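Scroll down for the structure; my scribbles are underneath it.
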Amino acid sequence: LNGTEINRLNPNLYAKARRSVREKLNIPENDFVIFHAKALVPVNGQEYLVRAMKRILIAKPETWLVLAGDGPLKGKLIDLTHTLNIQEKTIFLGNVPNSRIQEYLVAFDVVVVPSILIDGLDNATSIFLVDAMAMKKPVIATSRGGLKEDIVDGVNGILRSEERRVGKECRSRWSPYH
């Protein structure tokens, strides 16, 4: 059964985690961090997020991208960060247990879920997205599958119909640098 344990997703329970997670990852306290935690597979759209990060860093160099998860695209995504010369501002955490995801959610500033349509298949929904919303994190996602059912655009998150526009939202919304 997929579900979210709301009682463990109270951001006040993890107040100290923000500093400790950022220190562990060498991310300055006042820098802006984009977080994504899903399997590194094509339907989850991480390639679009990594490509958008190049443009985000031009506009807002104090920004970081943190990706949690593993999968067949990991090597390609790491190579892409080197090709785009953004490897210094991109962190691959690997798999993070569901029991610890809240520590990362409280430590970062915005959650992005750039799901894409592949061979007519859409993501049904995202437990990670629901967890982020429960932790009161701003969320940006593509208007696909169950994501568009979880988010009311402009009310509890931002939905964009195109993957490229998700990156634009990261550059323009919720960042202290605009």
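The values are calculated or read from the model by the stated rules, or taken from the named source; none is laboratory data. From a predicted model like this one, the values you see are computed outputs, not experimental measurements. So basically every Cβ, Gly included, is an ideal-geometry build from the backbone, and we count neighbours across all protein chains shown. These accessible areas exclude ligands, DNA and RNA; they are computed on the full protein's heavy atoms, side chains included. Shrake-Rupley method; radii C 1.70, N 1.55, O 1.52, S 1.80 Å.
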### Query
Using only the Cα atoms of the range 36-82, what do you get for the radius of gyration and for Dmax, in Å?
10.6, 30
## Note on the structure
Taking a crude spin-label model, label points 7 Å out from Cα along the C-beta direction, the Glu62 to Asn95 distance in nm is 3.7
#### Entry: Carbon + sulfur, % of accessible area of the range 44-113 - ligands and nucleic acids excluded, 1.4 Å
50
### Query
In nanometres, what is the gap between the two model label sites at Arg55 and Ala15, each 7 Å from Cα along Cα-to-Cβ?
3.9
### Query
How much accessible area does Asp70 have with a 1.4 Å probe, in Å² rounded to the nearest 10?
70
### Query
Taking amide H positions as placed 1.01 Å from N in the peptide plane, with prolines and chain starts having none, which residues 5 or more places from Val33, or on another chain, fall under 5 Å of its amide H?
Trp64, Asp109, Val110
